[in-house]
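The next block holds one structure in the form of structure tokens; read it before the comments.
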Amino acid sequence: METVITENRRVKMKEQYEMIRLFLSEKCYAPIFSDEYYENEAKQFMGNVNELKSRDIKEKDYYKSLVIPMGKSRIGGSVVDIPPNIEYPQDTSFVAQLNCEDISKHDKLNLLPKKGFIYIFTTNLQKGFVFYSSADVSQLERVIKQEAYWYSFGQLIEHIESKIDSFDQRYVNENGQLEWSCITGEDITKIYGIYTNCQASEFEVREVMENEQNILLLQVGTDYQENCGAQSIYIKKDDLLNLDFSKCVFEYTQS
């Protein structure tokens, strides 16, 4: 049955939601791209191969120059730590590796598994795969994928906090009046909280949030340096509790 949200009902709706804020490293790390990659980039963006290489050297660390702890949570990039029983999906880009032991300490909703890892891959930003493994860090094997179409640069999740996400934060002052902003909230990476759709109205967002089965498993915001919008992965609450990640929904929107 379709839910209709009216102004009269709005005051009865929930205004604040728990979220887990994931703070990303300011600097990202890059794979070692081939000359062919830079040649294609130069053709696509009418640039210079040497200038593109020089830019990456200045702005990004190469993964081989970093100490990336095995199992550490991260967004994107060429380095994934997976157990032997999970294969890196063909023709996908790596979105996230979430260390549940670290993140669940900040989970006030008590929905995430206490141990193990959640892996997220995408094919075209609107579709993808989510896997869960209860493996221990000692069982993980490092996989290096040199190039990917999406999420090619990696950022480590350096800090995690439990926060409150409020609808009040979605309003901006326009000429002395508070107006709904559909892009407010796209700048952070998080688990749970109010979902961000850069094209949705306030009532459309509230309609989604009113259904307690709708859980935001991950939002990758514009604090991830390759993003120009919000990447969201949704899961049903019952599926999350049952560790069934086969029906996750992917959505990418930008203003």
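The values are calculated or read from the model by the stated rules, or taken from the named source; none is laboratory data. Just so it is clear, the structure is predicted and the values come from calculations on it, not from any experiment. Glycine gets a Cβ as well: all are built from the backbone with ideal geometry, and neighbour counts include every protein chain shown.
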From the list Ile157, Ile164, which residue is out of contact with any Cys (no Cβ under 8 Å at 6 or more places or on another chain), surrounded by fewer than 18 Cβ atoms within 10 Å (Cβ to Cβ) and touching a residue at least 60 places away in the same chain (Cβ under 8 Å)?
Ile164
So Gln126 passes all but one of these: (1) surrounded by fewer than 18 Cβ atoms within 10 Å (Cβ to Cβ); (2) touching a Phe, Trp or Tyr at 6+ places or on another chain (Cβ under 6 Å); (3) modelled with pLDDT of 95 or more. Which condition number does it fail?
(3)
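To keep it simple, each residue is scored yes or no on (1) crowded, with 17+ Cβ neighbours inside 10 Å; (2) among the hydrophobic types (A, V, I, L, M, F, W, C); (3) in contact with a Phe, Trp or Tyr (Cβ under 6 Å, 6 or more places away or on another chain).
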residue	(1), (2), (3)
Tyr195	yes, no, no
Phe203	no, yes, no
Leu217	yes, yes, no
Asp223	yes, no, no
Gln231	yes, no, yes
Tyr234	yes, no, no
Contact list, first residue from the stretch 244-255 and touching a residue at least 40 places away in the same chain (Cβ under 8 Å), second anywhere and in a loop (DSSP other than H, G, I, E, B) and of a type in the set (A, V, I, L, M, F, W, C), beta-carbon distance below 7 Å, six or more apart or interchain, is Phe250/Leu125; Tyr252/Leu125; Thr253/Cys198; Gln254/Cys198; Gln254/Cys228; Ser255/Ile183; Ser255/Cys198
Enumeration of residues in the stretch 141-174 that are at pLDDT 90 or above, under 19 Å from the mean Cα position of the chain (by Cα) and of a type in the set (S, T, N, Q)
Gln155, Ser162
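Working carefully through the options Gln199, Gln169, find the one that is outside any strand (DSSP E or B) and either touching a residue at least 24 places away in the same chain (Cβ under 8 Å) or small (Gly, Ala, Ser) (or both).
Selected residue: Gln199, the only one of Gln199, Gln169 that is outside any strand (DSSP E or B) and either touching a residue at least 24 places away in the same chain (Cβ under 8 Å) or small (Gly, Ala, Ser) (or both).
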Within the stretch 39-53, identify whether any single residue is at pLDDT below 75, aromatic (Phe, Trp, Tyr) and buried (at least 17 other Cβ atoms within 10 Å of the Cβ), and answer yes or no.
no
